[in-house]
Amino acid sequence: MIKSIGIVGSGQMGTGISHVCALAGLDVRLVDMNADALTHSLAATGANLDRQVSRGKVSAADKDAALKRIQTSTDLAFVKDCDLVIEAATENEAVKKELFRKLSPTLKPSALIATNTSSISITRLAAATDRPAKFIGMHFMNPVPVMQLVEIIRGIATDNATYEAVRELVGRLGKTVAVSEDFPAFIVNRILLPMINESVYTLYEGVGSVESIDTAMKLGANHPMGPLELADFIGLDRSEEHTSELQSRGLISYAVFCLKK
Ligand code: NAD
């Protein structure tokens, strides 16, 4: 059973992942090459836990215990004894591959490696490690403490023991798994981004106003948030990062990017 988690990258996602892992009782070792990012991450986790305490979702004692379980370092070797290392670094294939090349030899042979990539091939990233059988995609949704889903994506070599261990862990984090094959953007973003894209075209062509488009999809399709509101919520700057691979495969047009200009 996975008991200790290393997380590499303490940005938006690494912060959320460390929050839910620590709250679930796991020992967390959080690494970032940028010391300021680590400081910011711990402060954000403290503030987010405070909010959960004020809403009665988490007790003050559980919050304190969770914060004590998160240790930080700028040294990649800090995660060497962890049972699972989740990579949540910048969405750039070269950056991630280089990170895996440096990380793999420091880990114990039984350690599993997961990536939180939104769009890069799991099989390609696995090939940059010394253990493709123990490598898997764990795609958390933002904001991690709130969103219930984790997509799990096997690479071509991922073995069943890795898949089962990670699936069991997701259950312990109180989240639900959706299994996706290793296609660009997996399931959620593959379906969501063309919808957001179409909502921008719907606005551009004058079919409806911002308010009409969002109201139509909220009340007409029972979505909790309209697609344009969702685009703002996700952040269009982030969308560019996450959709670069989708774009290159012609699945999404440039409308989202035109909107930014
Ligand atoms: P972010 O830019 O907020 O954080 C990335 C962090 O990684 C930064 O703090 C950076 O200093 C650190 N980093 C980069 N290279 C590193 C290295 N070699 N060693 C150590 N630290 C390094 O990014 P994010 O939004 O948290 O995204 C992280 C990953 O999660 C990406 O793969 C992204 O596609 C994926 N993701 C993001 C979202 C989202 O909505 N933001 C949702 C799901 C998945």
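Could you tally the net charge around Ser110, taking each other residue with its Cβ under 10 Å from the Cβ of Ser110, Lys/Arg +1 and Asp/Glu -1? Working shown, then result.
Numbers: positive: Lys108, Arg131, Lys134; negative: Asp83.
Around Ser110, the surrounding residues sum to +2.
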- Note on the structure: segment 113-180: antiparallel bridges as % of DSSP beta bridges, rounded to 5, reads 40 percent
- Query: Counting pairs of alpha carbon atoms under 8 Å apart in space and at least six apart in sequence, what relative contact order in percent does the chain give?
  - Reply: 15 percent
- Task: Could you work out how far apart the two model spin labels at Thr90 and Val179 are, taking each label as a point 7 Å from the Cα in the direction of the beta carbon, and quote it in nm?
- Result: 3.5 nm
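Which helices, counted as full DSSP H runs in the chain, have an axial Cα extent of no less than 20 Å and a Kyte-Doolittle average of -0.5 or above?
Numbers: long enough: 35-54 (29 Å, -0.02); 188-204 (24 Å, 0.59).
Both cut-offs are met by 35-54, 188-204.
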- Item | Note, ³J(HN,Hα) from phi for segment 75-89, Karplus 6.51, -1.76, 1.60, rounded to Hz, x at Gly and Pro | 9, 4, 5, 4, 9, 4, 9, 6, 6, 9, 10, 9, 8, 10, 8
- Query: Where the accessible area of the chain is counted over protein heavy atoms with a 1.4 Å probe, how much of it, in %, is carbon and sulfur?
  - Reply: 55 percent
- CD proxy at 222 nm, helix term only [per DSSP H run n ≥ 4: -39500 (n - 2.57); per residue of the chain; nearest 500]: -14500 deg cm²/dmol
- Treat every Asp and Glu Cβ in the chain as -1 and every Lys and Arg Cβ as +1, leave all other atoms uncharged, and give the resulting dipole magnitude about the Cα centre to the nearest 20 debye. 620 debye
- Pop a pseudo-label 7 angstrom from the Cα along the beta-carbon direction at both Leu149 and Asp36 and give the gap in nm to one decimal. 3.4 nm
- Message: Starting from the 7 Å offset along Cα-to-Cβ, what nm value, one decimal, do you get for the label separation of Leu219 and Tyr204?
- Response: 2.8 nm
- Indicate, rounded to the nearest 5 percent, the antiparallel portion of the DSSP beta bridges found entirely in the chain. 15 percent
- Item | Length added when fully stretched, Arg190-Ser54, from 0.36 nm per residue minus Cα-Cα | 45.4 nm
- Query: Can you list residues whose amide H is under 5 Å from Ala127's amide H, if they're 5+ apart or on another chain and H is modeled 1.01 Å from N?
  - Reply: none
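The values are calculated or read from the model by the stated rules, or taken from the named source; none is laboratory data. A quick note: this is a predicted structure, and the numbers were derived from the prediction, not measured. FYI the Cβ positions are ideal-geometry reconstructions off the backbone, even for glycines, and counts take in every protein chain you see. All accessible areas refer to the heavy atoms of the entire protein, side chains included, with ligands and DNA or RNA removed. Shrake-Rupley method; radii C 1.70, N 1.55, O 1.52, S 1.80 Å.
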